[in-house]
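Engineer: Have a look at this one.
The values are calculated or read from the model by the stated rules, or taken from the named source; none is laboratory data. None of the values given here were measured: they were computed from a predicted structure. Neighbour counts are summed over all protein chains in view; Cβ atoms, including those assigned to glycine, are modelled from backbone coordinates with ideal geometry. Remember, those area values only see protein heavy atoms, side chains included, never the ligands or the DNA or RNA. Shrake-Rupley method; radii C 1.70, N 1.55, O 1.52, S 1.80 Å.
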Amino acid sequence: GPVPREDDKGYVDLGDARILALAGVKRHTDFVFEADPSRRAAHGFGETFLPEVQPHAITVALVKDREKRRGGDVVVTVASSLEDLRGVDATPQTLLSTSERAFGMVDFFAWAQEPGEPTRKPGDREGPLAIAVAAERKPVKDAPRGARIVVVATSSVLAPANWREPELHATAAFVEGAISWLASILRSFSFGT
């Protein structure tokens, strides 16, 4: 996600563009605000929100829990948006997305000087926005599968509270599903003894 520089005049360049391109995505230097009142936290400006969970092997348990009205929602705080690069080596599938009413604010630092209810301006990215994707790259040579990559444009999914607080259980379950999906590729390979 977005990491402000110490001077609060821009974001730290995380140097992640090349690795994200392996997943077929680009991370925008925007700051996502959710404007749908049913998807955002009661406090704040929409920087903490409940993303829409999209069907995928990673999210299958979350989707089932939701259908059975068990468990909670995934919660994220401070996110950037991801763009599909439409490459041929990897096709990212959206895992978490915002509502249509969300937007990615491009000039966050101008807004932060006098914060108020954020509104979308020309040049801001329109929702729905992808904030987490999974991709499997094309296999090389005789490999049974390609490498797998999960990209989440917020560090909040790794917060320790997700494993301690019952209301954040779905966020922890999302991370565990991602790790399980990434690790399951190892079953496709023979390592010898």
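Engineer: Take the Cα gyration tensor of region 72-172, multiply each eigenvalue by 5, square-root it, and list the three semi-axes largest first, rounded to whole angstrom. Could you put the intermediate results ahead of the total?
Structural biologist: On the way: eigenvalues 173, 87, 22 Å².
Rounded to whole Å, the semi-axes are 29, 21, 11.
Engineer: Let me ask something else. Could you work out Rg/(2.2 N^0.38 Å) for the chain, with Rg from alpha carbons only?
Structural biologist: Working: Rg = 17.5 Å, N = 193, 2.2 N^0.38 = 16.3 Å.
With N residues counted in the chain, Rg over 2.2 N^0.38 Å equals 1.08.
Engineer: How much net charge surrounds V25 when only other residues with a Cβ under 11 Å from its Cβ are counted (Lys, Arg +1; Asp, Glu -1)?
Structural biologist: On the way: positive: K26, R27, R86; negative: D16, E83, D84.
After counting each charged neighbour, the total is 0.
Engineer: Might you tell me the accessible area per residue for region 68-162, computed with a 1.4 Å probe and given in Å²?
Structural biologist: For region 68-162, the per-residue accessible area is 57 Å².
Engineer: Check the straight Cα-Cα distances from K141 and name the aspartates and glutamates below 20 Å, setting aside those fewer than 8 residues away within the same chain.
Structural biologist: Straight-distance partners of K141: D89.
Engineer: Given a 1.4 Å probe and every protein chain left where it sits, what share in percent of the accessible area of region 1-106 is carbon and sulfur?
Structural biologist: Ligands and nucleic acids excluded, carbon and sulfur reach 51 percent.
Engineer: Oh, and also: What's the angle, to the nearest 10 degrees (0 to 90), between helix 169-184's Cα axis and the longest principal axis of the chain?
Structural biologist: Long axis of 169-184 versus the principal axis of the chain: about 30 degrees.
Engineer: Quickly estimate the mean residue ellipticity at 222 nm for the chain, helices only: each DSSP H run with n ≥ 4 gives -39500 (n - 2.57), and the total goes over all residues, rounded to 500.
Structural biologist: -5500 deg cm²/dmol
Engineer: A follow-up question, please. Would you be so kind as to identify which of L85, P139, S180 lies farthest towards the positive end of the dipole of the chain, taking Lys and Arg as +1 and Asp and Glu as -1 on Cβ and the Cα centre as origin?
Structural biologist: P139
Engineer: Continuing with this model, one more query. How large is log10 of I(q)/I(0) for region 114-162 at q = 0.16, 0.29 Å⁻¹ when the intensity is taken from the Debye formula with one equal scatterer per alpha-carbon?
Structural biologist: -0.77, -1.05
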